[in-house]
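One structure is given here, and the rest of the page talks about it.
Throughout, read-outs are computed from the coordinates displayed, never taken from laboratory work. The model shown is predicted, which means the values in this text are computed figures rather than measured ones. Neighbour counts run over all protein chains shown; Cβ positions are idealised from the backbone, glycine included.
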Amino acid sequence: MSLLPVVEKYLRTHQLAASRFGRLVTGDPRFVFDLRRGREPRAITRDHVLAQIRAGVGAGMDAAAKEGTRHASAR
């Protein structure tokens with residue numbers, strides 16, 4: 001199973017930036033960009049990413065950022 005189509009669909013559905021998704025899910029803002037270039041993550045990483053997608057990680061975060069909403073820690 002290729003992880004990239006699942007991730008791309010999630011990014012589109014939740015209007016989430018690739019770098020934010022990578023940072024939230026793996027701690028690597030380049031994760032999605034590397035997938036796009038052919039990176040094949042280890043099975044444990046793939047399973048972790050899929051679990052995070054099922055949990056809805058980052059859903060709606062970029063939409064809030066576009067509206068100028070800031071986290072309390074950023075104030």
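Structure notes:
- Sequence of Ile53, Ile44 once ranked by neighbouring C-beta atoms within 10 Å, starting from the fewest: Ile44, Ile53
- Taking 4 °C and 1.567 mPa s as conditions, the range 3-66 diffuses translationally at an estimated 112 µm²/s according to Stokes-Einstein applied to its Kirkwood radius (Cα pairs).
- Multiplying the residue separation of Thr45 and Leu24 by 0.36 nm and removing their Cα-Cα distance gives an extension gain of 6.2 nm.
- Under Karplus coefficients 6.51, -1.76 and 1.60, residue-wise ³J(HN,Hα) of the range 34-41 in Hz, glycine/proline x: 5, 4, 4, 8, x, 4, 10, x
- Per residue, the average separation of C-alpha pairs within less than 8 Å and at least 6 apart gives the range 3-66 a relative contact order of 39 percent.
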